[in-house]
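One structure below.
The values are calculated or read from the model by the stated rules, or taken from the named source; none is laboratory data. A quick note: this is a predicted structure, and the numbers were derived from the prediction, not measured. Cβ sites come from the backbone with ideal geometry, for glycine too, and all protein chains shown count toward neighbours. For the accessible areas, the whole protein counts, side chains as well, though only heavy atoms, and no ligand, DNA or RNA atoms are used. Shrake-Rupley method; radii C 1.70, N 1.55, O 1.52, S 1.80 Å.
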Amino acid sequence: MTSQNQISTGHLLALLTILIWGTTFISTKVLLIEFTPVEILFFRFVIGYVVLFLIYPRLMRITSIREEMLFIGAGLCGVTLYFLIENIALVYTFASNVGVIVSIAPFFTAVLAHFYLDGERLHKRFIVGFVIALSGIILIGFNGSFILQLNPLGDLLAFVAPAVWAVYSVLMRKIGELPYHTIGATRKVFFYGLLFMLPALFLFEFHFDLGRFANMATLSNLLFLGLGASALCFVTWNRAVSLLGAVKTSVYIYLVPVITVVASALILHERITWITLLGALLTLVGSFISEKKVQRKDYGSTLPKLQ
């Protein structure tokens, strides 16, 4: 695959991932009627792990403790901590606050990548694009009401979540340079994520009541989160990171609120205001500016194998 084809593939994979992640709130909203946040989190990643194991059942042989630590850190940050912190933040603050705050993940990723990854320098145009995109995200999140109610604990946790995701992105960029199969690497990350999640099952309300899965609406939404948003999307996102770099891929996170607004209008028939449309436009312009000038080295042969 040529360098240009690799870049095009990376962009398509990142866009596909964000299209799915931007609609997961609908499934989560339905599931929260019968499931607690930690139950949704645990069951979706169990499903995701099982699916990835069935697709790629080979045992991965890690060659060093340092490489093993990369997978451990990615599982802890990208699976356990990020989702738990985000869900806990929603308990203490407004969803609109969390939605806006976690959208700054690309900025945290760019800063970390600047210091810890080769070929991922932080550029002025990225900052300009970030400011424009964040302005749009704020307009979308508050839908023109311009009322920001601060809830210190919840908002602080919401700031921690994108910082944790940034660490995950940097770790996955390093993992992407290793000669491991993308699906196998993602499965290993899921394993450690589930392992670290076990203590949370005792700290939060959790029940193994499998009778709830008899409801087709519940089962279909959980399968969407497990198969689509977890198994598929983490593989496509990790592959995109290895092809584009952590910074370029993270820019696509700006598009999540835009996709969420469109999905809510089409599926939940929620009204879209002109303020929301302006916010969506600013977000798209900002993401384009941020992505346009981010340069990186061509890692060529260091990309993980797909077969």
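Remarks
- Between T273 and L19, the contour length at 0.36 nm per residue exceeds the Cα-Cα span by 89.3 nm.
- Set against the labelled values (i) 42, 38, 16; (ii) 32, 23, 17; (iii) 28, 26, 17, semi-axes √(5λ) of the Cα gyration tensor in Å computed from this structure falls on (iii).
- Most mobile of T260, T186, T36 in a GNM of the chain (Cα contacts under 10 Å): T36
- Max mean-square fluctuation residue, GNM over the chain, Cα-Cα springs under 10 Å, options V38, V30, V247: V30
- Test item: Cα-centred dipole of the chain, Lys/Arg +1 and Asp/Glu -1 on Cβ, debye: 900 debye
- Taking the protein heavy atoms of the chain in the context of the full set of protein chains, the accessible area attributed to carbon and sulfur is 70 percent at 1.4 Å.
- 15 Å beta-carbon shell around I104, net charge (K/R +1, D/E -1): -2
- Taking L198, L210, L266 in turn, the Gaussian network model of the chain (Cα-Cα springs below 10 Å) assigns the largest fluctuation to L210.
- For the chain, with +1 on Lys and Arg beta carbons and -1 on Asp and Glu, the positive-most of T109, S264, L178 along the dipole: L178
- In plain terms, the C-alpha convex hull of the stretch 47-135 casts an average shadow of 8.8 nm² when viewed from every direction.
- In Å², nearest 10: area of D118 left accessible to a 1.4 Å probe: 110 Å²
- Across the chain, the longest run free of exposed loop sites, meaning trypsin sites (Lys or Arg not before Pro) lying outside DSSP classes H, G, I, E and B with no more than 11 other Cβ atoms within 10 Å, spans 62-270.
- Taking every lysine pair in the chain that is 8 or more places apart or spans two chains, those with Cα atoms closer than 28 Å amount to 21.
- Area accessible to solvent at M172, 1.4 Å probe radius, in Å²: 10 Å²
- Summed over the residues of the chain and divided among them, the accessible surface reaches 47 Å² per residue at a probe radius of 1.4 Å.
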